[in-house]
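Q: Sharing a structure below in structure tokens format, with a few things to ask.
The values are calculated or read from the model by the stated rules, or taken from the named source; none is laboratory data. All values reported here derive from a predicted model rather than from experimental measurement. Positions of Cβ are backbone-derived with ideal geometry, glycine not excepted, and every protein chain shown enters the neighbour counts.
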Amino acid sequence: MTVGAASASSSASTPGGRLGDSAPRPDGIAKALGTFSFAGDITADGCLWGATLRSPHPHALIVSIDVSSALKMPGVHAVVTAADVPGSATYGLIISDQPVFAQGVVRFVGEPVAAVAADDPDLCRRALAAIVVEYEVLTPLTDPEKATDESVPSIHPAGNVVRHQRIVCGDQSIEGPVVVEGTYHLGRQDQAFLGLEAALAIPDPGGGGVEIHVATQWLHEDRRQMAACLALPDEEVRIVLAGVGGAFGAREDISLQIHCGLLALKTGRAVRMAYDRSESFVGHVHRHPATVFMRHHADHDGVIRRIEARFVLDGGPYASTSSAVLLNAVTHAQGPYRCPNATIDGWAVRTNNLPSGAMRGFGVVQACFAHERQMHKLAEACGLDQVEVRLRNAMRTGDRLITGQVMKSVAPVERIIREVAALRMPTEPVGVHARRGVGYAVSLKNLMYSEGFDDYAVARVRLADGVATVKFATAEVGQGFVTLAQQIARTVLGVEDVVLDRIDTLVGSGGSTSASRQTWMSGGAVDGACRLVRDRLLHLVAARHGMDLSRLAIEGTDIVETGGALRVPVSEASAGVEFDETFEHHHPATVHLDADGQGDCHTAFAFAAHRAVVDVDPELGVVKVVQVATSQDVGRALNPLAVVGQIEGGIAQGIGLALMEELVQIDGHVQNATFTDYLVPTFLDMPEVVISLVEEHEPLAPLGAKGVGEPPTISATPAVVAAICDALGIEVDRVPVRPADIYR
Amino acid sequence: MTPMNDAAHSDVAYNLHVNGQQREVVGGSVGESLLHVLRERLGLMGTKGACEQGECGSCSVLVEDVLVCACLVMARSAVGQRIVTIEGISPIGTPNDVQRAFVHAGAVQCGFCTPGLVIATHSLLDRNSEPTELEIREGLAGNICRCTGYGRILDAVQRVAADRQGGRE
């Protein structure tokens, strides 16, 4: 299926829409009218405001904290510090190692030290200013390479190395005959979602629990960490998804949830919190800055024989998801290419820079930038075309990966490379003073969680009088799961009306909206629950009409007997009855890597290929992206318009990393925590995007569809860089590419 | 962050002309932005804030038909001027052509930028009913969207422009 950027959205979409249709979003009109409630829009009568005091130092001892002046201010209702946390003093997604409030030591600029609740935001600011914290400043550890050295003093009791992982595969003695190598660096990218962190926490009347309306990616995980820190049973913390203004990984970790809940419990009143942009930049995790060394050994014909790689990821002071990000980096070092032998070493380390965690692409962005720069060099070293070198090494289904895992997913790597190369080139003439370049990049990305984590998803479906009601705790962050859930219910149950219940923790977990997993996992759960309900309805109809169950099916909005003996609308058949079913979807189990990096650690994979065309002005050092073409392995496009939206949006973030996005720290101090200084692509920065969707249904997936969220971002970045290198005949080894990196 | 001086708080109410109505603003301080007043004093939450520096366009509103970032306008400086927000750009609860086109073209994902973009699109098409692709890109370059990559927004605006041209024939 080839989708021209202009034609993608013109396919007719019926109101509602079934699987395969470009169904419109159920929340679209409310969002366009401005009536959709985002987290920052939710308020309550008489609520207080909360605010956070943060460390000005990257590394310092806290000698004393004096909150007495702040507490005395009229209108200030609470000031809380580490001493006020009733439960676990720390939280974290994988390891609980990040303090709710700093205890005795601060480890990054922006680390929370205290929080206040007061009548209004101005008063909050004055109260924060009245808190006196005496620090003894320490030398920050800001060089991640240094942090790999075990002799360097630890900045955290758990040590500076969060994870070290090797992969040793095949014959380690293989050398050459062709050898290409390089050291590559990626800066710190921020997710820069538009809807800033915000929440409203409401304490239960008479004490006990708390309800929090918050923008998050993973409701049940927020609940687990909040409950532990607030010393409450899980069921006394209720998370309600507030409107999410984008996420991209940054909302997988806790930000203000525990602070806001604690202030509400402490004051017995509803508390509202909202970060501004500068606070948001230090208040959530970022993409791991990385330094990657890679060396490829290949035959003269360009076929890869062995890769060597060394990754150092800067995790900042707390673990967050660093161990999983490192797993992704090292296991994706081969890219979408066959590789019989590998020697890989990776470290995720602690520093006094900002905490790193999840961002779209999750470790694979770092690996892909390196392996695609390497493929570029390999092509040149072998005198091969950039497309040809990739075709010669393209991975296939059934191949054994460097972890020993066999690629079971559909792997149309050769096809996506051929399709992207065949897409039309831009017609726009080369810019004045500019040189044009063309670059290619290809990626693979694991889908779902890895290394033994059972990230199941639950959905509940009720059918009554022809109306289906679907309940799940799956975070809708803009990606369109709400649309897909309706499409699934309409298709499986033959109904028109699908009501989506509130997204909250009153149903089982949907898992995280990350890892390109919700179409597969929560889609599988909704599909499973719908099938259970459908089976009960068909049973009823079979009994009513004395028919063989196996001859009944749903066709459109009717139940039909395959021999033509019966046709009854679902709305009629379901009148006066109610079926209510819950389904829990699991993916196949995975295992941890062993010490040599061997094991079936990943669930499934998706692939994408990108071709970028750029114009570079060598005197100014500026780059204009003229066109990005992409071919993506999507399994099945369940909503083509939504798929195109993910692809175009993902490419924008990939271009951002390639050309402009970097949150800069000097000696641990953040230099550009505003939208004036941290640039994200605007309308004028985005080129024409040409898309070819490769739909080879994935047999492992419940709906045949692969996740589509991350792949567009991953290989877009190296494709743009390759095009710059092609335009000027230079090598660039870092992103974002700054004017000084290409000025000639 | 400068601590607010108590003297900056004012009990003197003032009126703003918002979406065709005189709205009384009570409480707050003299220097409050129009964005803050619209949202927190008048309860018009459709106007969003995402940078407070005029960089992202999420808070786009029309003041005397001029497209502005409400975060950069002092509310009191807008006294006596006609202010139109997303809540007033179409009849209450009824999407207009721009809003419908955004939804059907796939220009809405998380939707946080959407109200600002809808306002900016109205402003653009009022000034230039037949914009070229470049004019659309330039006209909306002050509105950041982090989700869509702008492709479907371009499509939505082109659809509205074409439909409006068609409607005139």
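Q: Every residue in region A:544-572 that is out of contact with any Lys or Arg (no Cβ under 6 Å at 6 or more places or on another chain), closer than 29 Å to A:ALA701 by Cα and either buried (at least 16 other Cβ atoms within 10 Å of the Cβ) or touching a residue at least 40 places away in the same chain (Cβ under 8 Å) (or both), please.
A: A:LEU552, A:ILE554, A:GLU555, A:GLY556, A:THR557, A:ILE559, A:VAL570
Q: Of the residues in region B:49-62, how many are touching a strand residue (DSSP E or B) at 6+ places or on another chain (Cβ under 7 Å) and buried (at least 24 other Cβ atoms within 10 Å of the Cβ)?
A: 4
Q: Let me ask something else. Kindly establish whether A:SER22 is at pLDDT 95 or above, part of a loop (DSSP other than H, G, I, E, B), facing chain B (nearest Cβ under 8 Å) and surrounded by 15 or more Cβ atoms within 10 Å (Cβ to Cβ).
A: Judged against the criteria, A:SER22 is a match.
Q: Go through region A:361-420 and count every residue that is over 28 Å from A:VAL312 (Cα atoms) and in a loop (DSSP other than H, G, I, E, B).
A: Qualifying residue count, region A:361-420: 11.
Q: A further question on this structure: Pick from A:PHE248, A:PHE293: which is in a loop (DSSP other than H, G, I, E, B) and touching a helix residue (DSSP H, G or I) at 6+ places or on another chain (Cβ under 9 Å)?
A: One residue alone meets the criteria, A:PHE248.
Q: Same structure again: Is at least one residue of region A:144-155 buried (at least 16 other Cβ atoms within 10 Å of the Cβ), away from chain B (no Cβ under 14 Å), assigned to a loop (DSSP other than H, G, I, E, B) and more than 26 Å from the chain's Cα centre (by Cα)?
A: Within region A:144-155, one or more residues are buried (at least 16 other Cβ atoms within 10 Å of the Cβ), away from chain B (no Cβ under 14 Å), assigned to a loop (DSSP other than H, G, I, E, B) and more than 26 Å from the chain's Cα centre (by Cα).
Q: Okay, moving on. So, in region A:573-586, of the ones that are among the charged types (D, E, K, R) and touching a Lys or Arg at 6+ places or on another chain (Cβ under 8 Å), which residue ends up nearest to A:ALA525 (Cα to Cα)?
A: A:GLU581
Q: Filter region B:99-114 down to residues that are facing chain A (nearest Cβ under 8 Å) and assigned to a helix (DSSP H, G or I) and give me whichever is surrounded by the most Cβ atoms within 10 Å (Cβ to Cβ). Give the derivation first.
A: The first filter runs over region B:99-114 and keeps only residues facing chain A (nearest Cβ under 8 Å), leaving B:99-100, B:102-106, B:108-114.
Those still in the list that are assigned to a helix (DSSP H, G or I) too: B:99-100, B:102-105, B:114.
Numbers: B:GLN99: 28, B:ARG100: 20, B:PHE102: 29, B:VAL103: 22, B:HIS104: 22, B:ALA105: 26, B:THR114: 32.
The residue in question is B:THR114.
Q: Just need a number here: residues in region A:322-360 that are basic (Lys, Arg) and either modelled with pLDDT under 95 or surrounded by fewer than 24 Cβ atoms within 10 Å (Cβ to Cβ) (or both). Spell out how you get there, then give the answer.
A: Of region A:322-360, the ones basic (Lys, Arg) are A:338, A:350, A:360.
Next, only the ones that are either modelled with pLDDT under 95 or surrounded by fewer than 24 Cβ atoms within 10 Å (Cβ to Cβ) (or both) stay: A:338.
Adding up the residues that qualify gives 1.
Q: Report, ordered by the first and then the second residue, all pairs with beta carbons closer than 6 Å, sequence separation of six or more or different chains, a first member in region A:77-106 that is of a type in the set (Asp, Glu), and a second member that is not in a strand (DSSP E or B).
A: A:ASP97/A:ALA158; A:ASP97/A:TYR318; A:ASP97/A:ALA319
Yes/no per residue for (1) of a type in the set (A, V, I, L, M, F, W, C); (2) within 14 Å of chain B (Cβ to nearest Cβ); (3) in contact (Cβ under 8 Å) with a residue 60 or more places away in the chain:
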site	(1), (2), (3)
A:GLN646	no, yes, yes
A:GLY650	no, yes, yes
A:PRO681	no, yes, no
A:LEU700	yes, no, yes
A:THR713	no, yes, yes
A:GLU731	no, no, yes
A:ARG734	no, no, yes
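Q: Considering A:VAL482, A:VAL507, A:VAL498, which residue is assigned to a helix (DSSP H, G or I), surrounded by fewer than 24 Cβ atoms within 10 Å (Cβ to Cβ) and either within 14 Å of chain B (Cβ to nearest Cβ) or among the hydrophobic types (A, V, I, L, M, F, W, C) (or both)?
A: Only one candidate qualifies: A:VAL482.
Q: Something else about it: Of all residues in region A:525-543, count the ones that are surrounded by fewer than 20 Cβ atoms within 10 Å (Cβ to Cβ) and either modelled with pLDDT under 95 or small (Gly, Ala, Ser) (or both).
A: 2
Q: I've got another one for you. Condition check: at pLDDT 95 or above and over 21 Å from B:ARG152 (Cβ atoms). Does A:ALA32 satisfy that?
A: no
Q: Filter region A:206-233 for residues that are crowded, with 21+ Cβ neighbours inside 10 Å and out of contact with any Ser or Thr (no Cβ under 7 Å at 6 or more places or on another chain) and give the result.
A: Once the filter is applied, which keeps residues that are crowded, with 21+ Cβ neighbours inside 10 Å and out of contact with any Ser or Thr (no Cβ under 7 Å at 6 or more places or on another chain), region A:206-233 yields A:VAL210, A:ILE212, A:HIS213, A:VAL214, A:ALA215, A:THR216, A:GLN225, A:MET226, A:ALA227, A:LEU230.
Q: Of everything in region B:115-137 that's out of contact with any Ser or Thr (no Cβ under 9 Å at 6 or more places or on another chain) and without any contact (Cβ under 8 Å) to a residue 24 or more places away in the chain, which residue is surrounded by the fewest Cβ atoms within 10 Å (Cβ to Cβ)?
A: Here the answer is B:LEU134.
Q: Scan (1) within 14 Å of another protein chain (Cβ to nearest Cβ); (2) more than 23 Å from the chain's Cα centre (by Cα); (3) part of a loop (DSSP other than H, G, I, E, B) for the single condition A:VAL690 breaks and write down its number.
A: Checking A:VAL690 against (1) within 14 Å of another protein chain (Cβ to nearest Cβ); (2) more than 23 Å from the chain's Cα centre (by Cα); (3) part of a loop (DSSP other than H, G, I, E, B), the one that fails is (3).
Q: Just wondering, is there one or more residues in region A:389-410 that are surrounded by 22 or more Cβ atoms within 10 Å (Cβ to Cβ), within 22 Å of the chain's Cα centre (by Cα) and charged (D, E, K, R)?
A: Looking through region A:389-410, none of the residues is surrounded by 22 or more Cβ atoms within 10 Å (Cβ to Cβ), within 22 Å of the chain's Cα centre (by Cα) and charged (D, E, K, R).
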